[in-house]
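**Q** Handing you this structure, nothing more for now.
Every number here is computed from the coordinates shown, using simple stated rules; none is lab data. Remember, it's a predicted structure, so these values are computed and weren't measured experimentally. Virtual Cβ from ideal backbone geometry, glycine too; neighbours counted across all protein chains shown.
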């Protein structure tokens, strides 16, 4: 019997059951925006945000970091955005796309009168150039997000036309994230990397960056809705330690802090001069297994050696060794939820198949390892971010998988270095997450399709590719949900990724600040924040 056959038997033997979420986590109410009712916003001021990790390149085409999205949300508008309800709304586009009956032609109307921060006029041709860059740049991680585009054109200054070979339903959702951030053609033509002199249409524009320290933005007076912007500057200060972020928030040295640790959240809720925003996440945290990334992401898949990379039974055993509910509840004080899939259970795409989870079963894990001829304990080296929460979880994980026959060795690495090592394929197992997108395609295809922009484990499966392509061609939510359930079932068989838990997005801010927003996509939005002048 082949590996795939063993995989099916293993899953059948251990069983999949729906995750039982701890009530303390699942019953927490979302608070996605700092209060604005009855508040007069102060004009001007310098807002400081504590950023939990160093962003990577300030380039929408090549960036992979959530923290880059925080910064760019203030200076790089997209064709579309999402609102507090998770609905797609126009930003640089003036309306939702018009799609032809056959689904092959998409027409997008765009703004008149907008200007990039470097003074270049915004128009449909600039949109065309950005989208073509996303499709052709050798380091682009946006191509899979945009689907099988055959041609992009700009028949006039306010109309963009995208033509497909086959229908692609997730396009609008993709354009509500980095794929839809439009870059200045002038900045793209300048010498050097765009990330060194980024220019977009946005409320704020880039001033300077001090690596590992800070990124500074200032208000752009040429922004088309400048009357809605209150702050003079936004400074993002890098503070990787959650305790330091919380201390700076309490002292008033920073006004906003992202990724508040569950270790601090309950205490901060009791502070009179601080407030917490919190929202459920569309994303996940998990473990990526390097199966075929021997030469760097984007290079042809090359099967790596070693039992974890070469035998699905070993990966299944690792999956079965993780006691998700116990780990999440003990490490994160019931603030987070266990997860076994990239499909958030709160979305319309969730099904029994996509929310099912292999039962924690260390004895079955050891049996699979024995079947695979593995001498236990099997040593596995795991890269992990050097943040306190990530280290706490990895240490608890280490103890959990030991029961299943694994000797997990933890190698802490600074976050931006971790991203580079992931892209270079310099890992066996890596603990990282994804902040989430409103369409499941954005949470799955880039990671699971052969050659996907974020498929850093080098996983390749024709069956998986076919499922994801077919799902993207459908408009019916139920039909798509059924296919994504099959995707999750195949993930549990092949185990290129092990989904472990789903965070809540927790943002702290001073009561002297209004208009801060944190939505389910994980991005902290500061563009329309302000200091409070007075309250009614």
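**Q** How long, wide and thick is the range 467-514, going by the Cα atoms along their three principal axes, in whole angstroms, largest first?
**A** So the extents along the principal axes, rounded to whole Å, are 49, 28, 15.
**Q** Taking a point 7 angstrom from the Cα of residue 105 along the C-beta vector, which residues in the range 146-173 have backbone N less than 16 Å away?
**A** Correct set: 150-156, 159-168.
**Q** On a full-extension model of 0.36 nm per residue, what is the gain between residue 346 and residue 474, subtracting their alpha-carbon distance, rounded to one decimal in nm?
**A** Full-extension gain reported as 44.0 nm.
**Q** Let me ask you something else. Students often check this: by mean Cβ neighbours within 10 Å, which of 454-460, 154-160, 254-260 ranks highest, and how do the rest follow?
**A** The densest-packed peptide leads the list: 254-260, 454-460, 154-160.
**Q** Right, here's the next one. Under a plain spin-label model, where a point goes 7 Å from the Cα along Cα-to-Cβ, how far apart in nm are residue 333 and residue 138?
**A** 4.8
**Q** Between residue 243 and residue 87, what length comes free when the chain is fully extended (0.36 nm per residue of separation minus the Cα-Cα distance, one decimal in nm)? It would help to have the intermediate numbers written out before the result.
**A** Numbers: separation 156, 0.36 × 156 = 56.16 nm, distance 3.40 nm.
The residue 243-residue 87 span can extend by a further 52.8 nm.
**Q** Give me the number: length gained by fully extending residue 216 to residue 295, i.e. 0.36 nm times residue separation minus the C-alpha to C-alpha distance, one decimal in nm.
**A** Values: separation 79, 0.36 × 79 = 28.44 nm, distance 3.54 nm.
Gain on stretching residue 216 to residue 295: 24.9 nm.
**Q** What is the distance, in nm, between label points placed 7 Å from the Cα along the Cα-to-Cβ direction at residue 228 and at residue 512?
**A** Distance between label points: 2.7 nm.
**Q** For a label point 7 Å from the Cα of residue 157 along Cα→C-beta, name the residues of the range 93-125 whose backbone N is under 15 Å from it.
**A** Flagged as within label range: 110-116, 120-125.
**Q** OK, next. Please report the antiparallel percentage of DSSP beta bridges with both residues in the chain, rounded to the nearest 5.
**A** Close to 75 percent.
**Q** For the pair residue 403 and residue 363, how long in nm is the line joining their label points, each one 7 Å along Cα→Cβ?
**A** 1.2
**Q** Please work out the Kirkwood hydrodynamic radius for the range 163-281, using every pair of different C-alpha atoms, and report it in angstroms with one decimal place.
**A** 17.8
**Q** Please compute the contact order of the range 66-196 in relative form: average sequence separation of alpha-carbon pairs under 8 Å and at least six residues apart, divided by the residue count, as a percent.
**A** 29
**Q** Still on this structure: When P(r) over Cα pairs in 20 Å bins from 0, in percent is calculated directly from the model, which label among (1) 19, 44, 26, 10, 1; (2) 21, 51, 26, 1; (3) 22, 56, 21, 1 fits?
**A** Read-out taken from this structure: (3).
**Q** Run the numbers on the chain and let me know its relative contact order in percent, using alpha-carbon pairs under 8 Å that are six or more apart.
**A** Value for the chain: 24 percent.
**Q** Beyond 17 Å, what percent of the Cα pairs of the range 66-196 remain?
**A** On the way: 4875 of 8515 pairs.
Summing the P(r) tail past 17 Å for the range 66-196 gives 57 percent.
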